[in-house]
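Notes follow once the structure below has been shown.
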Amino acid sequence: VDDSVAPVGPGVAGPAEIVADVVIVGSGCAGTAAAIEAGRAGLETVILERAGGSGGASAMSGGSLYLGGGTALQTACGVEDTPEEMFRFVMAVTSPGADEAKIDVYCRQSVEHFDWVVGCGVPFKASLYTGTFPEPLTDDGLMFTGGENAWPYAEQIRAAPRGHVPEAHDKRPLGHTSGVILMRHLIATAEGLSGRWMLDTQARRLVRESDGRVTGVVARSEGSEIHVRARRGVVLAGGGFVFNDDMLRHHAPRLLGKPKLGTDGDDGRCIRMAQAAGAGVRHMEAAEAAYGLPELYLGGILVNSVGQRFINEDTYFGRIGQAVMFSQDGRAYAIIDDAVNESLSDIGRFYPAGWVGADADELGQAMGLPDGVLRATVEYYNRHAAEGRDPLFHKGRRWLRPLEAPLGAIELADGAFMAFTLGGLHTDVHARVLDVGGEPIPGLYAAGRTTSGVPGWGYCSGMSLGDGTFFGRQAGRHLAKAGAGSSLNP
Ligand SMILES: Cc1cc2nc3c(=O)[nH]c(=O)nc-3n(C[C@H](O)[C@H](O)[C@H](O)COP(=O)(O)OP(=O)(O)OC[C@H]3O[C@@H](n4cnc5c(N)ncnc54)[C@H](O)[C@@H]3O)c2cc1C
């Protein structure tokens, strides 16, 4: 099997077996949103999906969409937010290298985007989740998902919860997660617009005219190669590349060997197909690293491989994960005492106790830490916690309490660490794919984790489904407008 991703000319692709206005690769949140907007504008769409079912990682996800600026749900929950404050926060957490133009349009149109999601039938319950689990185990609709209410951001920007979580009533394993609820409604909306869906169909190469315009894809469907022609354009929405070890080795080596969040469709093929046609990429090293159960370390402390604290334990768990992965050689330990241990839920108790010690010195020795460092760390933390202060990392007062010997340590190792890639194709605010010189490649669009989107370098839970649906829509809308008059005859 020829595994090349190089674009082919229409002559090589041969006569088109299928023709539509818009060819969409991938049926996750980004591809489905593109299909909805293109379909609502009266365009004929075809979605190619390599798996046997629709939904991609989006359907496996926690369903949270990072939206704000005063959405109807925020207002119903009594939360005040403005597009300007959301913009300041998102710029701060996604730097360095934040994509200001994308963040600006995303924040300004976030209220409208939430209404659009609701308009697709996605239900949200107007209640705020106040627990510590990364995803609500309840049916609450709104939650903090980015460390807005913790240092350093809480001091600079008014904190607002922006994780919008679709209402799901059965979150037990194998129940219907909020991601299933989200995708079920988006897919039903797209299907109602009579687009065509082709499952078990993998896009393999772009078809490109001699003038550089992308006019379709070559796909493999049920064992045969077919040419799927696009009158207006192609939208690449095939997810990220966390399941492609070769790409990880070259772009994000710290993710190699780590548990992955996604599907095997996250093989980076869409990124490579566009790169082979001259597309630029951004932030290929960036990753979301979901790190453990906050309840393990909120009441205790987190230390690195030399026994020192390195972050406020009450910040967003993805920020902790990034710090561990990129600044702390991939290792971190929760240091807890009996009180924390007893407060853990059943899930928390699954984590094997790594080491115990009658005091911090004994625990440090058992862990193989340099002599005396853990004692110094715990003494310093305890002394200030007793005064309700954390001079090093400003952990919130509600979590500050001196740890009491005996102490235990749990390594937040691989089992608690799951990652997916954030880097991808360089696109503009209309979701057009830009070449290495920054010019749009005619006929080529992309959205979701195939692109570097709102997250840039940083992340908040919900940004992937948020920017995937938002820029999927942008692609569909731009194709409806800009493509008019430039239709190609099949
Ligand atoms: C357990 C879990 C929880 C998560 N929770 C959240 C959350 O709460 N909020 C959030 O924002 N994000 C969350 N994420 C991340 C989020 O789900 C993904 O980043 C997001 O769904 C990506 O959307 P997408 O449309 O880009 O890709 P996907 O939803 O993965 O869709 C891409 C589709 O394209 C298909 N495809 C790939 N290549 C091809 C090809 N060449 N030809 C044809 N089809 C192809 C794939 O099979 C797939 O179906 C979570 C992820 C997981 C796994």
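The values are calculated or read from the model by the stated rules, or taken from the named source; none is laboratory data. Keep in mind the model is a prediction, meaning the values are calculated, not measured. So basically every Cβ, Gly included, is an ideal-geometry build from the backbone, and we count neighbours across all protein chains shown. All accessible areas refer to the heavy atoms of the entire protein, side chains included, with ligands and DNA or RNA removed. Shrake-Rupley method; radii C 1.70, N 1.55, O 1.52, S 1.80 Å.
Largest first, the residues Lys395, Lys481, Lys258 sort by 1.4 Å accessible area into Lys481, Lys258, Lys395. Note down the net charge around Thr82, summing +1 for each Lys or Arg and -1 for each Asp or Glu among other residues with Cβ under 10 Å from its Cβ. Its environment carries a net charge of -2. Between Val303, Ile187, Ala277, the Cα set farthest toward the positive side of the dipole of the chain (charges on each charged residue's Cβ, about the Cα centre) is that of Ala277. Our summary gives the range 218-298 a relative contact order of 26 percent, counting only alpha carbon pairs under 8 angstrom and 6 or more residues apart. Take 443-450, 231-238 and order them by the average number of nearby Cβ atoms within 10 Å per residue, most first; the result is 443-450, 231-238.
Accessible-area rank, largest first, for Ser178, Ser4: Ser4, Ser178, with all protein chains present and a 1.4 angstrom probe.
From largest accessible area down, sort Met86, Met418, Met198; use a 1.4 Å probe on the protein chains. Before the final figure, lay out each step's value.
Values: Met86 0, Met418 75, Met198 25 Å².
Largest accessible area first, the residues go Met418, Met198, Met86.
Putting +1 on Lys and Arg Cβ atoms and -1 on Asp and Glu Cβ atoms, find which of Val454, Trp399, Leu425 reaches farthest to the positive end of the dipole of the range 387-461. The residue sitting most towards the positive pole is Trp399. For the chain, find the longest principal axis of its Cα atoms and tell me its angle to the long axis of helix 178-192, 0 to 90°, nearest 10. In the chain, helix 178-192 runs at an angle near 10 degrees to the longest axis.
What accessible area, in Å² to the nearest ten, does a 1.4 Å probe give for Asp371? Approximately 130 Å² of Asp371 is accessible to the 1.4 Å probe.
Amide hydrogen proximity for Trp197: with H placed 1.01 Å from N in the peptide plane, the residues at 5 or more positions away or on another chain lying under 5 Å are Ile47. The solvent-accessible area of Trp457, taken with every protein chain present and a 1.4 Å probe, is close to 50 Å². Equivalent-ellipsoid semi-axes for the range 65-219 (Cα gyration tensor, √(5λ), whole Å, largest first): 32, 23, 15.
Which percent of the accessible area of the chain is formed by carbon and sulfur heavy atoms (probe 1.4 angstrom)? Could you put the intermediate results ahead of the total?
Numbers: 9540 of 18760 Å².
Carbon with sulfur: 51 percent of the solvent-accessible area.
By the helix-only formula, in which each DSSP H run with n ≥ 4 contributes -39500 (n - 2.57) and the sum is divided by residues, the chain has a 222 nm mean residue ellipticity of -9000 deg cm²/dmol.
If you take every residue apart from Phe393 with its C-beta less than 14 Å away from the C-beta of Phe393, what net charge results, scoring Lys and Arg +1 and Asp and Glu -1? Taking every other residue near Phe393 into account, the sum is +1. Normalising the average separation of contacting C-alpha pairs (under 8 angstrom, six or more residues apart) by the number of residues puts the relative contact order of the chain at 24 percent.
Placing +1 on the Cβ of every Lys and Arg and -1 on the Cβ of every Asp and Glu, with nothing else charged, gives the chain a dipole about its Cα centre of roughly 1160 debye. Value of Rg to Rh for the chain, rounded to two decimals, is 1.01; Kirkwood radius and Rg both from alpha-carbon coordinates.
Around Thr145, what is the net charge, scoring Lys/Arg as +1 and Asp/Glu as -1 over all other residues with Cβ under 13 Å from its Cβ?
For residues surrounding Thr145, the net value is -2.
P(r) tail for the range 138-198: Cα pairs beyond 19 Å make up 53% of the total. In summary, the lysines within cross-link reach of Lys125, defined as a Cα separation below 23 angstrom excluding same-chain residues under 8 places away, comprise Lys171. Here Arg401 sits with roughly 80 square angstrom of accessible surface, probe radius 1.4 Å.
Enter the accessible area per residue of the chain (Å², integer; probe 1.4 Å; all protein chains in place). Let's see the in-between values first.
Numbers: 18760 Å² over 490 residues.
Each residue of the chain exposes 38 Å² on average to a 1.4 Å probe.
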